[in-house]
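Novice: Following this message is one structure expressed as structure tokens.
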Amino acid sequence: MQTQRNILYGIVERQRLNAIFKELFRKSIHICSSFVPFFLGLAYWPVIALLVLAVIVYTVSEVLRSHNINIPLVSKITEIAARKRDENRFVLGPVTLVCGILTAALLLPLDCARVGIFALAFGDGLASLMGKLIGKITIPGAHGKTVAGSLTCFTAVFISTFCCCGNCLHSLIIATVAMFIEMLPLSDFDNLIIPPAVGALFMML
């Protein structure tokens, strides 16, 4: 009986560690998107073109993957990063991530787009990871979002926004709004909403 419990515990622990690894891998991609504003400042239209190309290549790769045709590297990265809910379907997260960044970059001044992209990269990126690692208390109606994750989002967005503008009040407002957007049960569509919404709010302040 004790042996069975130990085996069961080992299986559960491996599943938990695997989920944390996947989240760490996924969110490292989120965090790497924080470099996009820098590259936009160096070569705006070439970077926009590369982001559009990335969406096209990824979409084609996912369509082919659904027909059991794998694209080297792209399909492997998607497989590693895919969550349980993404199994056997089109993994939408990377598309909404890039489209959210593109929307902010195309519609907003670069300094405002930067704040929105940073909110996605650091706020949303770290919130889910910390929720997996230390999140114990879930938020009612938020589809598993945790208090720890939301507080991490608030802190990360406050710091990143303050680094951009040096205004404590504006940073507080931006961080609060970003946290509430991240708390909404939007699945992967928060990637699409956060950069333009947060960037537009910063422009209005």
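Novice: Being open to solvent by less than 30 Å² (accessible area, probe 1.4 Å), within 19 Å of A148 (Cβ to Cβ) and either in contact (Cβ under 8 Å) with a residue 60 or more places away in the chain or among the hydrophobic types (A, V, I, L, M, F, W, C) (or both) is the filter here; which residues of the range 180-193 pass it?
Specialist: If the condition is that a residue be open to solvent by less than 30 Å² (accessible area, probe 1.4 Å), within 19 Å of A148 (Cβ to Cβ) and either in contact (Cβ under 8 Å) with a residue 60 or more places away in the chain or among the hydrophobic types (A, V, I, L, M, F, W, C) (or both), then I181, D190 are the ones that fit.
Novice: It is to be established whether one or more residues within the range 181-202 are at pLDDT 95 or above, touching a Phe, Trp or Tyr at 6+ places or on another chain (Cβ under 8 Å) and more than 16 Å from H30 (Cα to Cα).
Specialist: no
Novice: Would you confirm whether or not the range 166-179 contains a residue that is free of Cβ contacts under 8 Å to residues at least 12 places away in the same chain, of a type outside the set (S, T, Y), open to solvent by 50 Å² or more (accessible area, probe 1.4 Å) and in contact with a helix residue (DSSP H, G or I) (Cβ under 7 Å, 6 or more places away or on another chain)?
Specialist: yes
Novice: Right, here's the next one. Are any residues in the range 86-121 among the β-branched types (V, I, T), part of a helix (DSSP H, G or I) and surrounded by fewer than 24 Cβ atoms within 10 Å (Cβ to Cβ), and if so, which ones?
Specialist: V95, T96, V98, T103
Residues checked against (1) of a type in the set (S, T, N, Q); (2) touching a strand residue (DSSP E or B) at 6+ places or on another chain (Cβ under 9 Å); (3) farther than 19 Å from S28 by Cα:
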site	(1), (2), (3)
G116	no, no, no
S150	yes, no, no
F154	no, no, no
I174	no, no, yes
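Residues checked against (1) assigned to a helix (DSSP H, G or I); (2) at pLDDT below 80; (3) within 18 Å of the chain's Cα centre (by Cα); (4) surrounded by 13 or more Cβ atoms within 10 Å (Cβ to Cβ):
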| residue | (1), (2), (3), (4) |
| --- | --- |
| K27 | yes, yes, yes, yes |
| S34 | yes, no, yes, yes |
| F38 | yes, no, no, no |
| I56 | yes, no, no, no |
| S61 | yes, no, no, yes |
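Novice: Can you go through I174, I181 and tell me which one is over 17 Å from K132 (Cβ atoms) and touching a Leu at 6+ places or on another chain (Cβ under 7 Å)?
Specialist: From the options I174, I181, the qualifying one is I174.
Novice: Between residues in the range 48-74 that are small (G, A, S) and residues that are open to solvent by 60 Å² or more (accessible area, probe 1.4 Å), which pairs lie under 7 Å by C-beta distance while being six or more apart or on different chains?
Specialist: Qualifying pairs under 7 Å: S66/F90.
Novice: In addition: Return the only residue of R114, R65 being among the charged types (D, E, K, R) and modelled with pLDDT of 90 or more.
Specialist: R114
The values are calculated or read from the model by the stated rules, or taken from the named source; none is laboratory data. The structure presented is a predicted model; accordingly, all values stated were derived computationally and were not measured. Neighbour counts run over all protein chains shown; Cβ positions are idealised from the backbone, glycine included. Heavy atoms of the whole protein, side chains included, go into the accessibility calculation; ligands, DNA and RNA do not. Shrake-Rupley method; radii C 1.70, N 1.55, O 1.52, S 1.80 Å.
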